[in-house]
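**Student:** Here it is, the structure, as structure tokens.
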Amino acid sequence: MNHAVADVMSKGSSLSNSEILHLQTQIIREQDEDLEKLAETIGSTSRIAWAINEEFRLLEGLDADVNKYVEVPDSKLQRVQRRLEISNKRTTLLFLSLIGIIVLAAFIYMLIRYL
């Protein structure tokens, strides 16, 4: 309420009927203006909410696309890791076999040389 309305209301019962009617009309007019401003704000907020919602939907779609492309390399990476583990086991086995052959060759060489 503006100051003029507050001043008139403070006078209380000393108002005539026409003054009370004028005051009510002024209050209703101010309420209508406030309601119009509120409706504009709500409409603006609604448009912003719709825009945010659309942006969120787009981001969800992008996230799903990224996850799809990440899952494929991830599964490929797991396969490569398994192959590397198998290869490491084979390499270790070959290395141990080579050491065994060298030890066996050295043993045979010593047997031949000292017998």
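**Student:** Go ahead and run the numbers for FRET between Phe107 and Arg83, Cβ-Cβ distance against an R0 of 35 Å, rounding to 0.05.
**Tutor:** Details: r = 36 Å, r/R0 = 1.02.
It comes out at approximately 0.45.
**Student:** How long is the range 33-90 along each principal axis, judged by its Cα atoms, biggest number first, in Å?
**Tutor:** Principal-axis extents of the Cα atoms in the range 33-90, largest first: 84, 13, 5 Å.
**Student:** Same structure, new question: Residue by residue, what Karplus-based ³J(HN,Hα) values in Hz, rounded to whole numbers, does the range 85-93 have, using 6.51, -1.76 and 1.60 with θ = phi - 60° and x for Gly and Pro?
**Tutor:** 4, 4, 4, 4, 5, 5, 5, 4, 5
Quick note: the coordinates plus some simple rules give every number you see, no bench work behind them. Predicted model, so just to flag it, every value in this text is computed and none were measured. Backbone-built Cβ (ideal geometry, glycine too); neighbour counts: all protein chains shown.
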